[in-house]
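**Student:** After the structure tokens below, expect a handful of questions from me.
The values are calculated or read from the model by the stated rules, or taken from the named source; none is laboratory data. Note that the coordinates shown come from a computational prediction; the quantities given were computed from them, not determined experimentally. Cβ atoms come from the backbone with ideal geometry, glycine included; neighbour counts cover every protein chain shown. Areas reflect the complete protein model, heavy atoms only, side chains present, ligands, DNA and RNA absent. Shrake-Rupley method; radii C 1.70, N 1.55, O 1.52, S 1.80 Å.
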Amino acid sequence: MNRKARRRRRRWLALGAGAALIGLVAGALVASGTFDKALRELTLPLKHEDVIRQQASEKGVDAALIAAVIYSESKFSDATSSAGARGLMQITPAAAEFIERQSGATTFEMEDLSDPEINIRYGTFLLKELLERFVDFDAIRKCQTPQLFVTATNVQTGHLRIFPHDKITADAILASACLPLLFRAVEIDGVPYWDGGYLGNPSIFPLFSKTQTEDVLLIQINPLVRQTTPTSSQDIVNRLNEITFNSPLMGELRAIDFVTRLIDEGRLPRGLGHGKYRRINMHRIALEASAKQLNAGSKLNTDYDFFELLRNNGRRAARRFLDAHFDDIGVRGTVDLQAEVGAEWA
């Protein structure tokens, strides 16, 4: 047997051994139920889509929110927690009894929570109850002060959609935080929207036409600067997200700095009237060190203790800002915009 034939034989033997190994692994996955479990995780969201959309329409709760809660609570699997919560939306016995009383159900039994349709129906009822109890959107729409603007990204046009205070609904809030790799686009009047951070994070320009002040206070959550270089795929994606979501803000700060310099040079008239421009004093409250210790996964952390930690860190950051810059408000900016947004020239 010549050398070429031996190499060909070894190649076929290697391919045969690889195929056999793949077959053994596949057989083991099927036998252990792992393959079936993975298949169920892929198909369950599709299987329940009709129920989710039907309940969303019936109860006025966004379908993306329902699906997100199911994924967060059970990853679309029928499970029972240590606290006794059951089904796709992890409803506890106490919550089920409350829903039963409020909805007028008469034939409900606890075992029914294992039925996906009943579980989704009850869970959506509870979501609607919570939204109405804790968020008074009518009061938000009627409130004139302070001015509130929420932004979302129009998936089809790529334009920024601004929701002023009188247009803010639960759907507008959901759209403004709809990350497309996690949630289905939120539809408002038939138009799909994603997170507003892709085009405005936050949008500062609406304040210029709706307020009289020359001071803008920015509460910054996403860190601009990281002192380390990411190397793992997850860290690289996290840093890319930070840079991407800070990009619209950097663009607006760059425009503010440009107008400020033109006003200082006497090339633009300063004032509030038509054809005049305000000289904006930029201020910023940032979590700084504590924020840099948080990774992108922390944005999905809904633990109450974590919320308290963020609140307490935010209060400390606000106190530091006021101690250092209270007398500057209304007089001068406390952010060096040229250093902040200037390019790094080689």
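**Student:** Give me the 1.4 Å probe accessible area per residue for segment 192-317, excluding ligands and nucleic acids, in Å².
**Tutor:** 62
**Student:** Using a Förster radius of 51 Å, what is the FRET efficiency between ARG101 and ASP336 based on their Cβ-Cβ separation? Nearest 0.05, please.
**Tutor:** Here the calculated transfer efficiency is 0.30.
**Student:** Expressed as a whole number of Å, what is the distance separating the alpha-carbon centroids of segment 126-198 and segment 302-346?
**Tutor:** Each part reduced to its Cα centre gives a spacing of 26 Å.
**Student:** Provide, in order from the shortest bin, the percent of all Cα-Cα pairs of segment 233-346 in each 10 Å bin, continuing until the bin that contains the maximum pair distance.
**Tutor:** 11, 29, 33, 19, 7, 0
**Student:** Let me ask something else about it. Which entries in LYS276/LYS299; LYS210/LYS299; LYS75/LYS142; LYS59/LYS210 show an alpha-carbon gap greater than 32 Å?
**Tutor:** Flagged as over cut-off: LYS276/LYS299; LYS75/LYS142; LYS59/LYS210.
**Student:** How long are the semi-axes of the ellipsoid equivalent to segment 157-208, from square roots of 5 times the Cα gyration tensor eigenvalues, in whole Å, largest first?
**Tutor:** 18, 13, 10
**Student:** At 7 Å along Cα-to-Cβ for each site, give me the label-to-label distance between SER81 and ASP138 in nm.
**Tutor:** 3.2
**Student:** Take every Cα-Cα distance within segment 106-162, group them into 10 Å bins from 0 onward, and report for each bin the whole-number percent of pairs it holds.
**Tutor:** Final binned percentages: 17, 24, 27, 20, 12.
**Student:** Another question about this same structure. Please sort 225-237, 88-100 by packing, taking for each peptide the average over its residues of neighbouring beta carbons within 10 angstrom, highest first.
**Tutor:** Highest-to-lowest ranking by the protection proxy: 88-100, 225-237.
**Student:** Also: Scan around ILE188 for amide H atoms under 5 Å from its own, H built in the peptide plane at 1.01 Å from N, and keep only partners 5 or more places away or cross-chain.
**Tutor:** TYR193
**Student:** So if we plug the beta-carbon distance of VAL191 and LEU217 into 1/(1 + (r/R0)^6) with R0 = 25 Å, what FRET efficiency do we get, rounded to 0.05?
**Tutor:** Efficiency for this residue pair is about 0.20.
**Student:** Set the Förster radius R0 to 51 Å, insert the Cβ-Cβ distance between ARG270 and THR92 as r into 1/(1 + (r/R0)^6), and round the FRET efficiency to 0.05.
**Tutor:** Details: r = 60 Å, r/R0 = 1.17.
Given R0 = 51 Å and the Cβ-Cβ separation, E is 0.30.
**Student:** Hey, another quick one. Could you tell me the ratio Rg/Rh of segment 63-204? Both radii from Cα atoms, Rh via Kirkwood. Don't skip to the answer; put the middle values down first.
**Tutor:** Details: Rg = 17.7 Å, Rh = 16.8 Å.
Rg divided by Rh gives 1.05.
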